[in-house]
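All remarks here apply to the structure that follows.
The values are calculated or read from the model by the stated rules, or taken from the named source; none is laboratory data. If you're wondering where the values come from, they're calculated on a predicted model, not measured in any experiment. Using ideal geometry, Cβ is built from the backbone for each residue, glycine included, and neighbour counts are taken over all protein chains shown. To get the accessible areas, we keep the full protein, side chains included, count just its heavy atoms, and leave off ligands, DNA and RNA. Shrake-Rupley method; radii C 1.70, N 1.55, O 1.52, S 1.80 Å.
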Amino acid sequence: MLTDIWDEFLSIAREEAGSRVVETWFKAVSLSQWDANSKVVYLQAPNQFVKDWIKNNYLTLMQLHLGRLLNVDMPKVIFLDEAQDCKPAVVPHQEKSEPTFLPAATLRSSQSTSVVKVPYPKNQSHINSNYIFDNFVVGPSNSLAYAAAQAVTQNCGKLYNPLFIYGGSGLGKTHLLHAIGNEIKVNNKTARVLYQTADRFVNEFISAIRFDKIHKFQEKYKDIDVLLIDDVQFISNKEQTQEAFFHIFNALYDAHKQIVFSSDTFPQDLQGLAERLRSRLAWGLVTDIYMPSLETKVAILKKKAELSNTVVNDDIAHFIASRAISNIRQLEGALVRVIAFASLTKQPVTLELARKVLLRSSSPDTTKGVVDFSAIIKCTGKYYSYSLEDFQSKSRNKQLVMVRQIVMFFMKKLTDKSLRDIGMYLGGRDHSTVMHAIDKIEKQLQVDQEFVQTLKRIEDEITG
Ligand code: ADP
Ligand code: MG
């Protein structure tokens, strides 16, 4: 009965919050008691992290829908203190185990012996100590991947295994993989963590075969607690190594070792990958990272600047963030160029300097700087029938607010004026208001094709 209610809740949550959220969070939780007298729902979560995340993000959703299903108004939700069991979020379907290249038993026996484990010497782990969770800026584009990565460090091999992180190049996958490794080593000094790019893994395997060192290769992997394989897309189209990889993966998995993969492609879309390996990669939790919003980009830039002991204010960060385009690596590259130039010429980092350095390199926005405010006001105003006075007024009329945000968006996109300048011009508004406006328009552009067309028409008129 309770499980029925929970199942029903899961399907509602899937509708409302999406299946990623359900797979990641709610599937890890169970409904263990319902006290109708005191109207309390008791839930069980596998760990503190899942508990906190759900409480902070989905409490109202739970109260609302569990309340409806249990026929009460907003029940209280309490997480039982100690989770007794720790079940995986997604229970993999049991398949008959196939002959393994690395027998699972070999791996297990190494776990059950009580020999004191010696951690890998630092350099053999291939973990980069600069990539840690603390340096990783969390925003809507990466919060699920980040949270899942953190959860893995607290439930090694138990909760999400394997964890599969996918996303375009330069969006933070490698950073997260190393962060997992670093964090696990902080929590448990003797943990054996190994980071390996998929192609290095493959090469190592091939040379082990060639030089008859398979035994050594097996020895190396059998003692691992955590295996982090980066850029797994490189394994596709390599039949022989796929086979080996498949067996190693199975053996590690059967021995409850934590495995984390990154890839630039969703497992189902990995071309040239044998079907059984493909489906196996997707056994645990698959989570993605996508391009961050302007706001997150600005936060990342400021974090990176801080790490290199440079102060970069909002305007400068915003200027860089709105130029460097397709990923965070490029964003960082632009920042590095600005900081390096400032340091070489012994100047402070200013907006002027950033402009000088970055406008010199080829810019995707060739129109930038050519357009002035009045053209933007004129064309946008004409399209929506508003005047400069309207834009500068304090009116919060819904339609006007939206069009004012479009004006701000164009001003940032098409001129090289600062957020502060734009805010001042439009009735003395704060720069954070401008930033918020731009972010809002960018988000809208991502989901509304008609809006894209409209803005394109207005922009053509402004620049034409
Ligand atoms: P990928 O492996 O997805 O190609 P990387 O992990 O190598 O990307 O990230 C590229 C650069 O961007 C790295 O220097 C990384 O530190 C940085 N980066 C990516 N995402 C973030 C983030 N959310 N916060 C801070 N730095 C980030
Ligand atoms: Mg990478």
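Summary of computed values
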| item | result |
| --- | --- |
| Cα extents of the stretch 350-464 along the three principal axes, largest first (Å) | 40, 30, 25 |
| Rounded Å value of the spacing that divides the Cα centres of the stretch 137-161 and the stretch 31-80 | 22 |
| Within the stretch 2-79: Cβ-based charge dipole about Cα centre, in debye rounded to nearest 20 (Lys, Arg +1; Asp, Glu -1) | 220 |
| Farthest toward positive dipole pole in the stretch 2-79 [+1 Lys/Arg, -1 Asp/Glu at C-beta], among Val21, Ile54, Ala36 | Ile54 |
| FRET efficiency, 1/(1 + (r/R0)^6) with R0 56 Å, evaluated for Glu8 and Ser395 via beta carbons | 0.75 |
| Per-pair calculated FRET efficiency, R0 = 45 Å: Glu204 and Leu445 via Cβ, rounded to 0.05 | 0.50 |
| Solvent exposure ordering (accessible area, 1.4 Å, most first) of His431, His215 | His215, His431 |
| Calculated from backbone phi, Karplus (6.51, -1.76, 1.60) coupling profile of the stretch 225-234 in Hz, x at Gly/Pro | 9, 9, 10, 10, 10, 9, 6, 5, 4, 6 |
| The chain, relative contact order in percent, only Cα pairs under 8 angstrom and at least six apart counted | 13 |
| Accessible surface of Trp283 - all protein chains present, 1.4 Å probe, nearest 10 Å² | 20 |
| Of Asn309, Ser326, Phe245, farthest towards positive along the dipole that unit charges on Lys, Arg, Asp, Glu beta carbons give the stretch 184-341 | Asn309 |
| Estimated FRET transfer efficiency (Asp35, Glu15; beta-carbon r; R0 22 Å; 0.05) | 0.20 |
| Long-range Cα-Cα pairs in the stretch 1-51 (distance over 17 Å), rounded percent | 39 |
| For Glu461, net neighbour charge (Lys/Arg +1, Asp/Glu -1) across residues whose Cβ lies under 11 Å away | +2 |
| Distance cut-off 18 Å, percentage of C-alpha pairs in the stretch 294-367 lying past it | 29 |
| Gain in span if fully extended, Arg276 to Glu352, counting 0.36 nm per residue against the direct Cα distance | 21.8 nm |
| Surface accessible to a 1.4 Å probe, Cys379 within the full protein complex, Å² | 20 |
| About the Cα centre, charge dipole magnitude for the chain (Lys/Arg +1, Asp/Glu -1 at Cβ), debye | 1120 |
| Kirkwood Rh, Cα atoms: Rg over Rh of the chain | 1.03 |
| Charged-residue dipole, Cβ positions (Lys, Arg, Asp, Glu), the stretch 294-367 about Cα centre, Debye nearest 20 | 240 |
| Potential lengthening between Asn130 and His256 on full extension [0.36 nm per residue; Cα-Cα distance subtracted] | 42.6 nm |
| ³J(HN,Hα), Karplus 6.51/-1.76/1.60, whole Hz, each residue of the stretch 277-290, x for Gly, Pro | 6, 4, 5, 5, 4, 8, 4, x, 10, 10, 9, 10, 10, 10 |
| Cα gyration tensor category, rounded, prolate or oblate, for the stretch 175-291 with a/c compared to 1.5 | oblate |
| Accessible-area ranking of Tyr386, Tyr290, largest first, probe 1.4 Å | Tyr290, Tyr386 |
| Protection proxy ranking, peptides 253-266, 160-173, average beta carbon neighbours within 10 Å, highest first | 160-173, 253-266 |
| Violating pairs (Cα-Cα greater than 27 angstrom) within the set Lys189/Lys238; Lys55/Lys222; Lys173/Lys297; Lys238/Lys304; Lys394/Lys443 | Lys189/Lys238; Lys55/Lys222; Lys238/Lys304 |
| Charge sum, other residues only, whose C-beta stays under 12 Å from Gln233's C-beta, Lys/Arg counted +1 and Asp/Glu -1 | -2 |
| Apportionment of accessible area to carbon and sulfur, the chain, percent (1.4 Å) | 51 |
| Per residue, in Å², the accessible surface of the chain once ligands and nucleic acids are set aside, probe 1.4 Å | 49 |
